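First up is the structure itself, then whatever we jot down about it.
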Amino acid sequence: MPGSFILVILIIASSLPAIAVYIWFRFAKYQLTLVQFLSALLAGAAAFFPALIFQDFLNIPFSAGGRGPFFYQFFIRIALTEELSRFLVLLIFFWISSNKHGIDKSEYNLSRNLTFNIVKKATAIGLVAGFGFAILESARYAAVQMDISILLLRIFTAALHGACGSRIGAAVVMFRSSPVQAILRIITAIAIHGIYNMMLTMPGFSPIAAYLIAVSALITAIMTIRGGWTSNAALHNTLDNTLDKNKEN
């Protein structure tokens with residue numbers, strides 16, 4: 001099968017979650033314009049390049065066996081570098097967006113004045129950015145492997161990147177006002193990403209379990225954006241209390 005055809009198919013496959021989310025946003029009349037959606041998608045794709053640099057820098061050969069090299073590969077060299085790259089790019093994205101596309105400057109200037117609605121919107125932007133990362137990663141896989149059999153894998157991997165990206169997006173805007181909550185979101189994104197890679201690659205684990213992790217993480221991100229998760233209500237109160245205290249000060 002021609003390599004160019006495989007490339008197109010894989011990019012389309014990894015784009016399906018992003019297309020589905022965009023349709024959902026339009027029907028739900030969610031507060032994310034087409035320009036913001038495409039900008040977030042592009043920001044996520046841009047995060048792919050620093051991740052490659054970090055991964056090449058951390059490409060350490062191991063002579064000894066055991067679980068240590070596997071942990072390093074899955075959780076440090078892959079998961080940590082990709083989530084760190086997403087964090088850095090989204091940090092720049094929110095800073096640039098503070099005066100662009102109708103976004104109120106007080107919304108994404110990374111200040112301590114944070115509301116629950118801002119966290120939800122940052123979560124949505126992080127979700128889209130994760131899909132952008134996955135699209136470019138799929139192009140790389142197609143160029144290297146040229147194998148249509150990874151089609152299904154790329155769909156679930158795109159869902160995983162979206163779910164982890166949503167946590168990183170929230171972490172960026174929460175970092176100053178709620179650093180503990182932000183760090184927890186970064187850690188969970190790295191953990192989910194690393195566990196997915198481990199279950200998908202190491203013998204003894206079923207790929208179905210990895211797929212379920214990706215789907216469940218994506219569903220959780222969607223519930224967070226909708227604001228229907230009960231734990232988010234507690235976060236809402238915490239953030240609003242923080243805002244009130246800052247106003248008093």
- request: Give, as residue ranges, the helices (runs of 4 or more DSSP H) completely inside region 157-249 that count at least 2 residues that are modelled with pLDDT of 80 or more, over 20 Å from ALA13 (Cβ atoms) and open to solvent by less than 10 Å² (accessible area, probe 1.4 Å).
  value: 179-201
- request: Specify the residue that is surrounded by the fewest Cβ atoms within 10 Å (Cβ to Cβ); the eligible residues are those in region 17-70 that are hydroxyl-bearing (Ser, Thr, Tyr) and not in a loop (DSSP other than H, G, I, E, B).
  value: TYR22
- prompt: Being open to solvent by less than 60 Å² (accessible area, probe 1.4 Å), in contact with a Gly (Cβ under 9 Å, 6 or more places away or on another chain) and not basic (Lys, Arg), is that true of even one residue in region 8-15?
  reply: no
task: For LEU41, indicate whether it is among the aliphatic types (A, V, I, L, M), over 22 Å from VAL119 (Cα atoms) and touching a residue at least 24 places away in the same chain (Cβ under 8 Å).
output: no
message: Go through (1) among the aromatic types (Phe, Trp, Tyr); (2) buried (at least 20 other Cβ atoms within 10 Å of the Cβ); (3) at pLDDT 90 or above for TYR108 and report which single condition fails.
response: (3)
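The values are calculated or read from the model by the stated rules, or taken from the named source; none is laboratory data. This structure is a prediction, so every number in the text was calculated from the model and none was measured. Here Cβ is always computed from backbone atoms with ideal geometry, including for glycine, and neighbour counts include all displayed protein chains. The accessibility values were calculated without ligands, DNA or RNA, using every heavy atom of the protein model including side chains. Shrake-Rupley method; radii C 1.70, N 1.55, O 1.52, S 1.80 Å.
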